[in-house]
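Below you'll find the structure, written out as structure tokens, and then a few comments.
The values are calculated or read from the model by the stated rules, or taken from the named source; none is laboratory data. Since we're looking at a predicted model, the values are computed, not measured. Note: ideal-geometry Cβ built from the backbone for every residue, glycine included; neighbour counts use all protein chains shown. Please note that ligands, DNA and RNA were not included when accessible areas were found on the heavy atoms of the full protein model with its side chains. Shrake-Rupley method; radii C 1.70, N 1.55, O 1.52, S 1.80 Å.
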Amino acid sequence: MIRSYYIAAKDLKAEFRTKQMLNSMFIFSLLALVVFSVSFGDFLGDTEKVEKLAPGVLWIAFTFAGMLGLSRTFVMETENGCLEALMLCPVDRGAIYTGKILSNLAIVFLMEAVTLPFFIILFNYNLDIRTLLLLLLILFLGTFGFIAVGTLLSALTLGTRTRELLLPVLLLPVLLPVLIPSVEATAGVLAGNNIVDLFPEIRLLAVYDLVFFVISHLVFEYVVSD
């Protein structure tokens, strides 16, 4: 696990030096929220319609903004020949996958933390602490599943010339089992439901995260092998 932290720290240090992907992800997510809020401007006074539309808008912004970062997960290693060096290290190759997940999670969580206040303001939400904490739990579970699968598929498409186009095509169908309960759970949170009411969605997200993380960790070695 310590080796994974070193890999994650390397990636985060390189990203925070330029902030290129982080800025792009934040601008994209904020632009998506603004466009949708303007498009749905006539509905913002209708609480019932907002509760139906807003969760989908939030996850659309997070998903497509996150894909910008996932598409660049292994590009730097490829350009600098670093991936071959990592593969030659006497460590479990699953540690590379875990390190990439940690760095991607940190970047996406930071983007979400900056974007979420704008979402609350644009869609006129007034959330108390309990609701906000429950919303953060849903965001964590949904984002973890998204990153777990996206990191593996990013490595799978690494050798293709059109990886930026191929990644969304492969990723979106696989993400449906995590996006649907994430949107439903987010809608429930924003509607004022408690954690007991949202337990089926939370359980589904937790199982998805666990299963796909374990499977991706096991097959990652074969994905990056020549």
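If Thr115 passes every condition in (1) of a type outside the set (A, V, I, L, M, F, W, C); (2) open to solvent by 10 Å² or more (accessible area, probe 1.4 Å); (3) more than 14 Å from Phe146 (Cα to Cα) but one, which one does it miss?
Single failed check for Thr115: (2).
May I ask you to say which residue of Ala14, Ala8, Ala32 is modelled with pLDDT under 80 and within 23 Å of the chain's Cα centre (by Cα)?
Criteria check complete, one pass: Ala14.
Read through the list (1) open to solvent by 20 Å² or more (accessible area, probe 1.4 Å); (2) within 11 Å of the chain's Cα centre (by Cα); (3) aromatic (Phe, Trp, Tyr), then give the number of the only condition that Phe146 fails.
Status for Phe146: all satisfied but (1).
Are any residues in the range 4-39 under 17 Å from Phe74 (Cβ atoms), charged (D, E, K, R) and open to solvent by 80 Å² or more (accessible area, probe 1.4 Å), and if so, which ones?
Lys13
Just name the residue that is nearest to Glu84 (Cα to Cα) out of those in the range 205-226 that are among the aromatic types (Phe, Trp, Tyr) and in contact with a helix residue (DSSP H, G or I) (Cβ under 6 Å, 6 or more places away or on another chain).
Here the residue is Phe220.
Here is a yes/no grid of residues against (1) among the hydrophobic types (A, V, I, L, M, F, W, C); (2) more than 22 Å from Tyr222 (Cβ to Cβ); (3) open to solvent by 30 Å² or more (accessible area, probe 1.4 Å); (4) touching a residue at least 12 places away in the same chain (Cβ under 8 Å):
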{"site": "Ile129", "(1), (2), (3), (4)": "yes, yes, yes, no"}
{"site": "Leu134", "(1), (2), (3), (4)": "yes, yes, no, yes"}
{"site": "Leu139", "(1), (2), (3), (4)": "yes, yes, no, yes"}
{"site": "Thr151", "(1), (2), (3), (4)": "no, no, no, yes"}
{"site": "Leu170", "(1), (2), (3), (4)": "yes, no, yes, yes"}
{"site": "Pro173", "(1), (2), (3), (4)": "no, no, yes, no"}
{"site": "Leu179", "(1), (2), (3), (4)": "yes, yes, yes, yes"}
{"site": "Gly188", "(1), (2), (3), (4)": "no, yes, no, yes"}
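Considering every residue within the range 126-149, establish whether at least one is closer than 24 Å to Phe36 by Cβ and among the acidic types (Asp, Glu).
No, because not a single residue in the range 126-149 is closer than 24 Å to Phe36 by Cβ and among the acidic types (Asp, Glu).
Could you tell me which residue of the range 88-104 is nearest to the chain's Cα centre (by Cα), considering only residues that are assigned to a helix (DSSP H, G or I), at pLDDT 70 or above and more than 19 Å from Ser71 (Cβ to Cβ)?
If we take residues in the range 88-104 being assigned to a helix (DSSP H, G or I), at pLDDT 70 or above and more than 19 Å from Ser71 (Cβ to Cβ), then Thr98 is nearest to the chain's Cα centre (by Cα).
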